[in-house]
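First the structure, in the form of structure tokens, and then the observations on it.
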Amino acid sequence: MPKLHLKRTPEEAALHELRKKEKREKKRRRRDRGSYHDLESESAHARKHSRASELGQEPERKWASSDEDEEQYGPKPAASSNSYASGSHKPDRDQLETEKDDLRFKERLFDAYADDERLDSLEARMNDFAHVPDRWRTARKPINAFENDEWLRMDPQVMDEEEYAEWIRMGMYRKTHANEYAEAQRQKAAKAARRAEEKARREETARLEKAAEEERQTKKRERSRRQWAEARDGYQARWQVLLSRSKADMLEFCDIPWPIFHMAKHRSAVSMDDLTEEAITAFLLPVDAGESERSRKEVLRETFLRFHPDKFEGRIMRLVRESEREAVRQGISRVVVVLNKLMAE
């Protein structure tokens, strides 16, 4: 998670400026201390040179390397018995590095602490509004002191101060308004009873409607089964009459017992358009046929033998009028096509 950089408060900004000022003061003191050591070394070297001149001694001869060292690194410090002056450069440098590291670590630690402090204060300010009493949580509907029974049955030991105060207030209100509470309970019970009665009435109405619908469907299936049985009986009877006839040139297209329901209702109005696949299938293989009916294979085989083109041509076609024979042949061909499709399924 990236570090948050929040804006400093005035107190934090003042503290930060104070730390920067202290750092600048420390650097200035270190620079002053280094200048003081350089001045002290130069003064000691000058005193030594003046004493040598007074005693008549020649100054120490310098080698080329000494000149180069002096030009590169500056004058040598004065010799002294003080151990601090003789070895002060290296310990001071190490000490300065250590102080710098400590200062950087403290600054990072202080910045992290300041960030955490700002986050904690922000979280505290946000959480000040975490708890809102129930009576202030919504303005959509006023709270009725006589309806919140579940809340009053809660354990007061698990409530906070606001909830406990609300619990006490509601309980005292009920005690001081006992008559109103009793009336509210009576109205509540009456309302619940009306709702239960309405629910029972709706359930009873739905049950009666479902039973009536089931009864209508049952009657419809019985009526369809009875009509199909009557149509099948008439179909079989007409075939018996047709096979027993011997006089020629008497039959028309509508006199042929075609395997459709329309034949039983409107015998004289049967045409080629009535011989559809749906009509033939519904007559020969009804969906709601009983278990006592003959099997599908037997019904299709019997119908196919009756409408076989060769057999029909030899037995029945001679009884049909000459003007109707072509239409009868087309009707037979359509019935045979449907039978072949049903037998192939």
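Given a Förster distance of 56 angstrom, what is the FRET efficiency for Glu313 paired with Glu213, based on the Cβ-Cβ distance and rounded to 0.05? E between Glu313 and Glu213, to the nearest 0.05, is 0.65. Here each label is just a point 7 Å from Cα along the line to Cβ, and for Met154 and Thr276 those points are 7.0 nm apart.
Between Leu103 and Glu12, the modelled labels are 2.3 nm apart [label points 7 Å from Cα along Cα→Cβ].
Want the number for Ala165 to Ala178: 0.36 nm per residue separation, take away the alpha-carbon distance, what's left?
2.7 nm
Compute the FRET efficiency between Val287 and Trp239 as 1/(1 + (r/R0)^6), taking r as their Cβ-Cβ distance and R0 = 25 Å, and round to the nearest 0.05. For R0 = 25 Å, the calculated efficiency reads 0.55. Cross-link check: pairs Lys26/Lys106; Lys199/Lys219; Lys247/Lys297 evaluated at a Cα-Cα cut-off of 24 Å; pairs beyond the cut-off: Lys199/Lys219; Lys247/Lys297.
Under a 5 Å amide H cut-off, with hydrogens placed 1.01 Å from N, Trp258 pairs with nothing among residues at least 5 apart or on other chains. Note on Lys23 and Glu326: their simple-model spin labels are 11.6 nm apart, each label 7 Å out from Cα toward Cβ.
Bear in mind these aren't lab numbers, they're just calculated from the coordinates by the rules spelled out. Predicted, not measured: the structure shown is a model, and the values here were computed from it. Neighbour counts run over all protein chains shown; Cβ positions are idealised from the backbone, glycine included.
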